[in-house]
1. Enter the Cα centre distance for the pair the stretch A:49-68 and the stretch B:172-218, rounded to the nearest angstrom.
2. Would you mind checking which residues have amide H under 5 Å from B:H159's amide H? H placed 1.01 Å from N; only 5 or more apart, or other chain.
3. Ratio of chain B's C-alpha Rg to 2.2 N^0.38 Å, to two decimals?
4. Output wanted: per-residue J couplings in Hz (rounded whole) for the stretch B:111-124, from phi through Karplus 6.51 cos²θ - 1.76 cosθ + 1.60, θ = phi - 60°, x for Gly and Pro.
5. Taking every DSSP beta bridge with both residues inside the stretch B:46-183, roughly what % is antiparallel (nearest 5)?
6. Aspartates and glutamates near B:K75 by alpha-carbon distance under 16 Å, same-chain residues fewer than 8 away left out - which ones?
7. Per residue of B:12-24, what is the mean number of Cβ atoms on other protein chains within 10 angstrom of that residue's Cβ?
8. Taking only DSSP H segments of four or more residues, each worth -39500 (n - 2.57), what value at 222 nm results for the protein assembly as shown once the sum is divided by all its residues, to the nearest 500 deg cm²/dmol?
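The values are calculated or read from the model by the stated rules, or taken from the named source; none is laboratory data. From a predicted model like this one, the values you see are computed outputs, not experimental measurements. Cβ coordinates were reconstructed from backbone atoms using ideal geometry, including for glycine residues, and neighbour counts include every protein chain displayed. In case anyone asks, the SASA skips ligands and DNA or RNA and just uses the protein heavy atoms, side chains included. Shrake-Rupley method; radii C 1.70, N 1.55, O 1.52, S 1.80 Å.
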Amino acid sequence: MSSEQSEEFSFENLYEELQEIVDRLEQGGLSLSESLELYENGINMATRCKELLLQAEHQIDELIKEGS
Amino acid sequence: MTLRIGWYTTARGMGSRKLFAAVKTAIDSGFLDAEIKFVFMNRATGESESTDAFIRELLDQDIPVINFSSVQFRKEMGVARAKNSDELPSWRQEYDAEVANLVRPYGTDIGILAGYMLIFSPDFVNSHVLLNLHPALPDGPIGTWQKVIQTLITERKTHSGVMAHVAIPEVDKGPVATYCKYPIRGEEPIDLVWQNIDKSKDTSVLFNLIREIGMSYEAPFLVATLQQFARGIIRLESNQLNSTESIPIDVTKETLLSRGNDKSFLKT
């Protein structure tokens, strides 16, 4: 994976995008089709964020094991 | 006279693309006398798979695409993402000014907001006629889609609808051009679902069904609405809606003609 791709799929970028989606859904002004599209996007982003967090947690666990 | 349309989207998924496809099909078939002058996206190529797929689709159809990434613009300005607040950050006004410069040469009569992620700044909204869909009747519930559907359920409404209004700086409060009305009670199988919530108090199935019914009306409703503009039934004069008919115009009949007997929502 290139550094550009790494940045695109970083936790920070995904989380920022997720926050934008949540904000937009809260602001209203969307049709049902648009809202559902954003909602589904948000669920996907949240899932990917959770996966990245679990990966990081696993890496920390490994480091702790190695250190002990 | 052919209606000149500008299309604004972030193209995050299939919902907004279906709205576009319905309008394009209506134009191509000769049903709607209109032309899509451009599709504007606040994303650059490579930012998202769904946007890239839509761009390829548009270019295959020789539709002009304007890409201008709002994320890149903000980062180049050295600004962090603002938290949700009532006031737009100042970079957004500068971004919208650039958007106005980009779309100006295309000369459009009306802009359609379809899955556009950003709220336009007051300057942009006041100088462009933009049409927005809201999933309720003109006298129906306001707020987000969840609030609208929950209110319909709580108040045990028999009908809901969708309306098209001109965007103004206050979200969902612009003048309503058209609306269509559809039943959410009085027909099987939805009546059975209403009966079930009386027993179980679980509204999730009913919530989803009302949402699916509503979604099945949105694309044909948008086509029927644009038809009113293309035929000159509704005219835009100095950003004001004018018509010989009483505004908002009920386009339920026209929407049903386009929609046909769509029961696809029953599969969900």
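1. Each part's Cα centre sits 45 Å from the other's.
2. B:I184
3. 1.04
4. Working through the residues one at a time gives x, 10, 8, 9, x, 8, 6, 9, 8, 5, 6, x, 4, 5 Hz.
5. Among the beta bridges of the stretch B:46-183, antiparallel pairing accounts for roughly 85 percent.
6. Partners found: A:E4, A:E7, A:E8, A:E12, A:E16, A:E17, A:E20, B:E47, B:E94, B:D96, B:E98.
7. Working: counts 10, 9, 4, 12, 6, 2, 2, 4, 0, 0, 0, 0, 0.
Mean inter-chain Cβ contacts per residue within 10 Å come to 4.
8. Per the formula, -16000 deg cm²/dmol.
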